[in-house]
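Working notes for the structure below.
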Amino acid sequence: MKRTNNVFHVGDLTITRLDELTLTGTAPEVLFVGDWQPEALEQHRHWLSPQNFDFASGKLIQSTHAWLVQSPHFTLLVDTASGNDKERPNKPIFHRLQTDFLAQLERAGVAPESVDYVLLTHLHVDHVGWNTRLLDGKWQPTFPNATYFFSQTEAQFYGDSESDNPAVVGNRQVFADSVQPIIDAGQFQLVPAGGGEVLEGIRFTPTPGHSIDHMSISIESQGEEAFFAGDLLHHPLQVYYPELNSMYCDFEGIARASRLWALHHAADKRVTWFSTHFADSSVGRVTQRGNDFQWTFLQA
């Protein structure tokens, strides 16, 4: 694995981070509500950096971004961040954003029309936003020639207009402007419960808990694996304390089991782990000693 600025290489894959937001306002006792022990922070201050921890305020630093993956055979995105112009009054940090996301894509040499696939780990606000953009007053697919892959279970769950489940109600506008237009355009393929290989060398693996059918995505190339973990982890401290759920985990017990599976998988297979909310390089490796895991950021 090599990195140049925001560009990484795994096998013959070129993987570029498309940045959206830096999030600086979350205290650990808020992010890890109910589970956090203050002494954990003191034990790990030695490896925390100003890129992932604000030493002055004691708050964790996170980010939102998407991943552009290019190979000789395809161009794809893993998740699509939060999007521009979206009405998110109940989530102000994502409300009516104006970012240079598409300009970053262009600087990477990719036009929206050139994207072949969009792979979605789950259907939350900060993972599906650039699925669509506002054109002529209508939400239309940002990537008009792409096939979008996402969980059948999540599509049914979040698309249930009669549900009063708080997780569905809170995500209803997101589904309406960022998922339903993809369905209406017929540009989608549903991933069944249980996941599986959707394209040669590209596999969805169920890692539920953060959301009802969250999936992690593995892309293999030349004997190496790029592992896109979605929201299994929200900060690298969770590598050391995998029992820690974030405030965003809808199904806590299952989330812990999924996190442990992924950490074991990452350590055993020596995957390159691509995170969605880690600041710093956002990429690293997991190693295991006994029952303990360790995170190492991969830098240029």
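The values are calculated or read from the model by the stated rules, or taken from the named source; none is laboratory data. Computed from a predicted model, the values in this text were never measured in an experiment. A quick note on method: Cβ atoms are made from the backbone with ideal geometry, for glycine too, and the neighbour counts reach across all protein chains shown.
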Can you give me the number of residues within the range 73-95 that are within 16 Å of N171 (Cα to Cα), surrounded by fewer than 21 Cβ atoms within 10 Å (Cβ to Cβ), of a type outside the set (A, V, I, L, M, F, W, C) and under 18 Å from the mean Cα position of the chain (by Cα)? 1
For the range 247-278, which residues satisfy the criterion of being among the aromatic types (F, W, Y), touching a strand residue (DSSP E or B) at 6+ places or on another chain (Cβ under 9 Å) and buried (at least 17 other Cβ atoms within 10 Å of the Cβ)? W273, F274, F278
Identity of the residue in the range 105-131, more than 23 Å from G195 (Cβ to Cβ) and in contact with a Lys or Arg (Cβ under 9 Å, 6 or more places away or on another chain), that ends up surrounded by the fewest Cβ atoms within 10 Å (Cβ to Cβ): P112
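For G25, indicate whether it is small (G, A, S), at pLDDT 95 or above and surrounded by fewer than 20 Cβ atoms within 10 Å (Cβ to Cβ). Outline the logic, then answer.
On the way: small (G, A, S): yes; at pLDDT 95 or above: no; surrounded by fewer than 20 Cβ atoms within 10 Å (Cβ to Cβ): yes.
In short, no.
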Over the range 174-208, the set of residues under 17 Å from E220 (Cβ atoms) and either in a loop (DSSP other than H, G, I, E, B) or not aliphatic (A, V, I, L, M) (or both) is G195, G196, E197, E200, G201, R203, F204, T205
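What number of residues within the range 22-51 are among the aliphatic types (A, V, I, L, M) and assigned to a loop (DSSP other than H, G, I, E, B)?
First, pick out the residues of the range 22-51 that are among the aliphatic types (A, V, I, L, M): 23, 27, 30-31, 33, 40-41, 48.
Still in the list and also assigned to a loop (DSSP other than H, G, I, E, B): 27, 33, 48.
Selection size over the range 22-51: 3.
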Selection over the range 101-132 where residues are closer than 21 Å to L233 by Cα and polar (S, T, N, Q) yields a count of 1
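If we keep just the residues of the range 153-168 that are part of a helix (DSSP H, G or I) and out of contact with any Asp or Glu (no Cβ under 8 Å at 6 or more places or on another chain), which is surrounded by the most Cβ atoms within 10 Å (Cβ to Cβ)? Talk me through it step by step, then tell me what you get.
Restricting attention to the range 153-168, the residues satisfying the condition of being part of a helix (DSSP H, G or I) are 153-158, 166-168.
So of that shortlist, the ones also out of contact with any Asp or Glu (no Cβ under 8 Å at 6 or more places or on another chain) come out as 155-156, 158, 166.
Values: A155: 21, Q156: 13, Y158: 29, P166: 9.
The extreme case among them is Y158.
Given Q51, Q70, Q62, which one is over 18 Å from the mean Cα position of the chain (by Cα) and of a type in the set (S, T, N, Q)?
Numbers: Q70 fails: over 18 Å from the mean Cα position of the chain (by Cα); Q62 fails: over 18 Å from the mean Cα position of the chain (by Cα).
Only one candidate qualifies: Q51.
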Quick count over the range 159-175, residues being of a type in the set (A, V, I, L, M), farther than 13 Å from G83 by Cβ and under 20 Å from the mean Cα position of the chain (by Cα), is 2
Could you check the range 8-51 and list, in sequence order, the residues that are free of Cβ contacts under 8 Å to residues at least 60 places away in the same chain and within 20 Å of A103 (Cβ to Cβ)? T14
